[in-house]
1. Cβ-Cβ distance below 7 Å, separation of 6 or more or different chains: which pairs start in the stretch 507-531 with a residue that is over 20 Å from residue 280 (Cα atoms) and surrounded by fewer than 22 Cβ atoms within 10 Å (Cβ to Cβ) and end on one that is basic (Lys, Arg) and modelled with pLDDT of 95 or more?
2. Taking only the stretch 336-369 into account, find how many residues are open to solvent by 20 Å² or more (accessible area, probe 1.4 Å), in contact (Cβ under 8 Å) with a residue 60 or more places away in the chain and either touching a helix residue (DSSP H, G or I) at 6+ places or on another chain (Cβ under 9 Å) or assigned to a loop (DSSP other than H, G, I, E, B) (or both).
3. Of the residues that make up the stretch 465-480, is at least one within 16 Å of ligand 1 (Cβ to nearest atom), surrounded by 21 or more Cβ atoms within 10 Å (Cβ to Cβ), at pLDDT 95 or above and farther than 23 Å from residue 568 by Cα?
4. Got a number for residues in the stretch 504-539 being closer than 24 Å to residue 267 by Cα and outside any helix (DSSP H, G or I)?
5. Take the residues in the stretch 475-497 that are assigned to a loop (DSSP other than H, G, I, E, B) and touching a helix residue (DSSP H, G or I) at 6+ places or on another chain (Cβ under 9 Å); name whichever of them is farthest from residue 556 (Cα to Cα).
6. Which residue pairs have Cβ atoms closer than 6 Å, lie 6 or more positions apart in sequence or on different chains, and pair a first residue in the stretch 282-299 that is at positive phi with a second residue that is away from ligand 1 (no atom under 15 Å from the Cβ)?
7. Tell me, yes or no, whether the stretch 163-185 has at least one residue that is over 25 Å from the mean Cα position of the chain (by Cα), closer than 22 Å to residue 290 by Cα, at pLDDT 95 or above and open to solvent by 30 Å² or more (accessible area, probe 1.4 Å).
8. Select from the stretch 183-233 the residues that are under 18 Å from residue 60 (Cβ atoms) and within 16 Å of ligand 1 (Cβ to nearest atom) and list them in ascending order.
Amino acid sequence: MTVLSVEQWVADTAKLTQPSDIVWCNGSDAEWLELTELLVENGTFIRLNPELRPNSYLARTDPADVARVEDRTFICSANEEDAGPTNNWRDPLWMKDLLRSLFKGSMRGRTMYVVPFSMGPIGSRQARFGVEITDSPYVVLSMHIMTRVSTEVLNLINAGAEWVPALHSVGAPLFDENGIASADTTWPCNVEKYIAHFPESNEIWSFGSGYGGNALLGKKCMSLRIGSVLGRNEGWLAEHMLLVKLTSPKGKNFHIAAAFPSACGKTNLAMLRPTLPGWQVSTIGDDIAWIAPDAEGRLRAINPEAGFFGVAPGTGMKTNPVAVETMRSNTIFTNVALTPDGDVWWEGLTDEAPAQLTDWTGKSWSPASGKPAAHPNSRFTVSLSQCPTIDSAWDSPEGVALDAILFGGRRATNVPLVVESRDWDHGVFMGATISSEQTAAAEGVVGTLRRDPFAMLPFCGYNMGDYWQHWLNVGRGLKPSNRPRIFQVNWFRKDANGKFLWPGFGENTRVLEWIARRLENEVEAQESAIGNLPIIADLNLDGLEITDQQLADIFTVDASAWSQEADLTTEYFAKFGAHLPTTMSRQLEILRKNLA
Ligand code: OXD
Ligand code: MN
């Protein structure tokens, strides 16, 4: 689809953005060394104590550039309807004009880096290539970790492979058009931000932010928004899912992909330490899975990423010891706190906060400061290869054959701990109706449902109704016996007093064990209005302190509460008009009939 040569694109972009220098990146150790030294020198990076945290760095962002900016994220398809009611749409010609004016001279005085990268192992039929142009060395280093940066990618593109042009500028030139200089900062960015996607030409243009998914364009922009469009066109699925291998005490392996909205503990589940003896979880990915039918009619999944970009707060020896181990070295930390001996800290790393810290804004901090030392969205960026529980297949070009798909939200009510779909179509309905109750005023009205279908709300690059139909179509193309079984899980149900009913974390293995036993047809399930529930006696609850009442509560299907939820789903589905698959309306009718 991309007819442009990389060379021509780089030349055109340089003409537009006017950098002082162009560097073609290759992902080498020498490049890492050179750029880390540059960033330490200019103050963007603080080198952490090499004895405590070898080859690791702390970056502090501008306080106005700390997260993905969903309201500044745009899908620019020719027809507004193709972006659908869940996306911010802009006319592609209008947006290109605007972006050209913003990018004009935006790299003056800076170096423009050209970063050829692969999402997925180079050589995998499921991998896709991209080239990111950026004026941020922080982005280049993060791309080293998060993707496979290599000259081989450039050679393959020059030999004719498809690629996605991904253009990024922090939007902070060091000179204006008259040559008048502005002072540099340690985190250059622009108050105006645009994260724009052009699904008809597979292009990404990102302006004004240096942070995370706004700037590391292989991640949400390419692997999900553009990826979902490529998947629709080519017959595969680009998903916001973790990917793990579960191994039973008998040595049987199950590959599981799981979609959860952001901030529902995906990284914790991807690195789960089972509490049940003999069970093992090995990690393949914590955020994104690319899933495609293979020649045998099964779904195979790869993790297109090569690193973790995990949320630091709440990650500690109790909640996720594997993540803590993973980031002992070779890690970029962003917006965490600094200890007096040159190491990092964040809320939840240890039970007790150190007496003295430098907080994420660079100010002196003590537990009496009354505010968090690390930003709530502070991050660690580290290679998958450093994860002690990494699965041997993480880098395999063939990926893994999927056995089960899990959908989870953060639901205090209604949704049981685990429920199995009756069939593929019902499973797609479960995915389409994922939601979380709002827990903070900042998210909306507390207690109302935030819909996050397939956990893809901010990440689907086309009309969400068409995306559901695509899921239905992919399932229809598989032999029924080959289709992964679909389950809904909910670790967050609460009792009447607002207390969590389920301990979560490592204890979630008990749910995975039941799922594995279902996959092996070892246990029956009981039908309910919303799907197949476990027979309580089949759950392994050995050593778990949970009362019969709590167990009953966690599996209660309250028909009247579910009817109210079905009404909300009717309202929600109406937004999609003619793009709502009839199968989804039929599933909603089945639900209503079952509840009656
Ligand atoms: C993420 C997210 O950062 O989903 O992975 O927000
Ligand atoms: Mn995510």
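1. 523/517; 525/518
2. 5
3. Our first condition is that a residue be within 16 Å of ligand 1 (Cβ to nearest atom); within the stretch 465-480, this holds for none.
Checking the stretch 465-480: not a single residue is within 16 Å of ligand 1 (Cβ to nearest atom), surrounded by 21 or more Cβ atoms within 10 Å (Cβ to Cβ), at pLDDT 95 or above and farther than 23 Å from residue 568 by Cα.
4. Looking only at that region, the number is 1.
5. Ranking the qualifying residues of the stretch 475-497, first place goes to 478.
6. Once the first residue is at positive phi and sits in the stretch 282-299, its partners that are away from ligand 1 (no atom under 15 Å from the Cβ) give 297/478; 297/479; 297/482.
7. Checked against the condition, which is being over 25 Å from the mean Cα position of the chain (by Cα), closer than 22 Å to residue 290 by Cα, at pLDDT 95 or above and open to solvent by 30 Å² or more (accessible area, probe 1.4 Å), the stretch 163-185 yields no hits at all.
8. Passing the criteria: 209, 210, 211, 212, 214, 215, 216.
The values are calculated or read from the model by the stated rules, or taken from the named source; none is laboratory data. Small disclaimer: the values here were computed from a predicted structure and weren't measured. Cβ atoms come from the backbone with ideal geometry, glycine included; neighbour counts cover every protein chain shown. Surface accessibility is based on the protein's heavy atoms, side chains included, excluding ligands, DNA and RNA. Shrake-Rupley method; radii C 1.70, N 1.55, O 1.52, S 1.80 Å.
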